[in-house]
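One structure is given here, and the rest of the page talks about it.
The values are calculated or read from the model by the stated rules, or taken from the named source; none is laboratory data. Keep in mind that this is a model prediction, so the values were computed, not measured. Here the Cβ positions follow ideal geometry from the backbone for every residue, glycine too, while neighbour counts run over all protein chains shown.
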Amino acid sequence: MKKVIKRDGRKELFDKEKIVRAVELSFEDVENEISEKAHLKAREIANYVSNIEKDLSVEEIQDIVEEKLMASNYKNIARNFITYRYERTKERERNSQFMRDVSEKLAASNVQNQNANVDEHSFGGRMGEARNSLMKKIALDYIVSDMSRENHLNNEIYIHDLDSYAVGMHNCLTIPFDKLLKEGFNTRQTDVRPARSINTAFQLVAVLFQLQSLQQFGGVSASHLDWTMVPYVKISFFKHYRDGMNYIEEMELSEDYNEKLSIDDEKYHKFPKVYKYALDKTEKELMQAVQGMYHNLNTLQSRSGNQLPFTSINYGTCTLPEGRMVIKALLEGSIEGVGKVRKTPIFPCGIFQCMIGVNRKPGDPNYDLFQLALKSTSKRLYPNYVNVDWSVNAGYDKNDPKTYVSTMGKCKLQLI
């Protein structure tokens, strides 16, 4: 028997009397009555559709009704039918669950703040949440399998970042800061030169975090920020040492910068006052740079929805004097907090990398910094802790921090 395919995919028996009634109502709207000619025309169209030997969708039937009316002398009736059809479509869309969801997001009438980074009352938050509703619908209706869709809707599974599924961009990565700070990088509008001071390096870390966050969903991380910053501590120290030679010893420094020299090298100790000046200035510059990064990453809302990028930094294993200086500054900056009332800096999430022989026990070179990390955690929530020596990271190269396990703050691994 002939069937009609409904808009939701269900099938039901064909009833030509529904066509008769719809056409007669259009005549009644225009002519204020249902005349005999109106009844005959409605019956003629219904019989034509009835004789088509295949199942038809609701849309196909309505298309045929429009064509038959337009081909007759009742073009005014056809226009009325088309208008009625359009209004009914708008009404269905208005009453659909999807449109209710979108309207709710645009009006911020049911704010849930599912993401702590997003202010759903803000302009960007409302726009972003409405867009997310559309992207989720596209993913569920046109991309994922029927089984996955039903399981997700029934809360049997949860598809993380479903609103980004259709685009297919990546989620959560570690940025190669070593390379980008050393070589510079390109943005959409311009290029950025390599960092030539610790202050610039930390500024660029914040910039890179924000730029990458705009190109993906999920978080972004630095895998060994203490090691990454060693060259830039050296550069800043050398600049301050050169200034100290000029103003304290009134001598021109003849040597050029040597990246192989540690800031604790004996050559720098030949002039104790200059050395102390350079060290003090470097520590102050580093602390200001760290504070700038914390303030930037907790104030610059660079994602739609007035969202702060989810950022994480791993550190704690560098035993070089420059790296220890960076770790100390990061932890002291965390403890100090941001803003006038010293709020806890939520970003970047700090992850302290614990390593046997480096910071786990008294006598280890960075044990004092591990103690400082515990103080920061007790006061400021961060850092979290990751165990570099856990079994999954077996075989790492102790001389290569790129092989150390690192993680995202929200996907933290607990210290074993």
For region 250-277, give me the residue count where each residue is more than 12 Å from K239 (Cα to Cα), surrounded by 14 or more Cβ atoms within 10 Å (Cβ to Cβ) and of a type in the set (A, V, I, L, M, F, W, C).
2
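What about P401, is it under 25 Å from the mean Cα position of the chain (by Cα), surrounded by 20 or more Cβ atoms within 10 Å (Cβ to Cβ) and either closer than 17 Å to L330 by Cα or not assigned by TED's automatic domain parsing to the domain that holds H160 (or both)? It would help to see each step written out before you state the result.
Working: under 25 Å from the mean Cα position of the chain (by Cα): no; surrounded by 20 or more Cβ atoms within 10 Å (Cβ to Cβ): yes; either closer than 17 Å to L330 by Cα or not assigned by TED's automatic domain parsing to the domain that holds H160 (or both): yes.
No.
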Breaking point among (1) touching a residue at least 40 places away in the same chain (Cβ under 8 Å); (2) farther than 25 Å from S406 by Cα; (3) of a type in the set (A, V, I, L, M), for V233:
(2)
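Tell me whether region 213-224 contains one or more residues that are in the same structural domain as D400 (by TED's automatic domain parsing), out of contact with any strand residue (DSSP E or B) (no Cβ under 7 Å at 6 or more places or on another chain) and part of a helix (DSSP H, G or I). Don't jump to the end; show me each part of the working.
Step one: of region 213-224, the residues in the same structural domain as D400 (by TED's automatic domain parsing) are 213-224.
Cutting the leftovers down to out of contact with any strand residue (DSSP E or B) (no Cβ under 7 Å at 6 or more places or on another chain) gives us 215.
Filter once more, so that each one left must be part of a helix (DSSP H, G or I): none.
There is no residue in region 213-224 that is in the same structural domain as D400 (by TED's automatic domain parsing), out of contact with any strand residue (DSSP E or B) (no Cβ under 7 Å at 6 or more places or on another chain) and part of a helix (DSSP H, G or I).
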Residue check, I327 under 20 Å from S312 (Cα atoms) and β-branched (V, I, T)
yes
Starting from region 242-267, keep only residues that are closer than 18 Å to R324 by Cα, then list their pairs with residues that are part of a loop (DSSP other than H, G, I, E, B) whose Cβ atoms are within a distance under 7 Å, requiring at least 6 positions of separation or different chains.
L261/K267; S262/L320
Every residue in region 145-181 that is part of a loop (DSSP other than H, G, I, E, B) and small (G, A, S), please.
S145, A166, G168
Could you check, for region 52-61, whether at least one of its residues is assigned by TED's automatic domain parsing to the domain that holds A78, farther than 20 Å from M1 by Cα and either exposed (fewer than 13 other Cβ atoms within 10 Å of the Cβ) or not polar (S, T, N, Q) (or both)?
no
Those residues of region 1-36 which are surrounded by 15 or more Cβ atoms within 10 Å (Cβ to Cβ), within 53 Å of the chain's Cα centre (by Cα) and not in a helix (DSSP H, G or I), in sequence order:
K2, V4, I5, F14
Within region 329-374, take every residue that is in a loop (DSSP other than H, G, I, E, B) and among the small types (G, A, S) and give me the one that is surrounded by the most Cβ atoms within 10 Å (Cβ to Cβ).
G337
Within region 126-144, count every residue that is over 11 Å from V167 (Cβ atoms), of a type in the set (A, V, I, L, M, F, W, C) and in a helix (DSSP H, G or I).
4
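Would you pick out the residues in region 225-262 that are among the β-branched types (V, I, T) and outside any helix (DSSP H, G or I)? It would help to see each step written out before you state the result.
Residues of region 225-262 among the β-branched types (V, I, T): 228, 230, 233, 235, 248.
Residue satisfying the conditions is I248 alone.
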Determine if region 335-342 includes at least one residue that is at pLDDT 95 or above, out of contact with any Pro (no Cβ under 8 Å at 6 or more places or on another chain) and more than 17 Å from T317 (Cβ to Cβ).
yes
Would it be correct to say that V192 is among the hydrophobic types (A, V, I, L, M, F, W, C), touching a Phe, Trp or Tyr at 6+ places or on another chain (Cβ under 8 Å), surrounded by 12 or more Cβ atoms within 10 Å (Cβ to Cβ) and outside the structural domain of M293 (by TED's automatic domain parsing)?
no
Between V388, V341, which is in contact (Cβ under 8 Å) with a residue 60 or more places away in the chain and aliphatic (A, V, I, L, M)?
V388
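Considering each of K18, K2, K6 in turn, give the residue that is within 20 Å of T89 (Cα to Cα) and touching a strand residue (DSSP E or B) at 6+ places or on another chain (Cβ under 8 Å).
Details: K18 fails: touching a strand residue (DSSP E or B) at 6+ places or on another chain (Cβ under 8 Å); K2 fails: within 20 Å of T89 (Cα to Cα).
The unique qualifying residue is K6.
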Which one is nearest to the chain's Cα centre (by Cα) among residues in region 271-293 that are within 15 Å of N246 (Cα to Cα) and part of a helix (DSSP H, G or I)?
K281
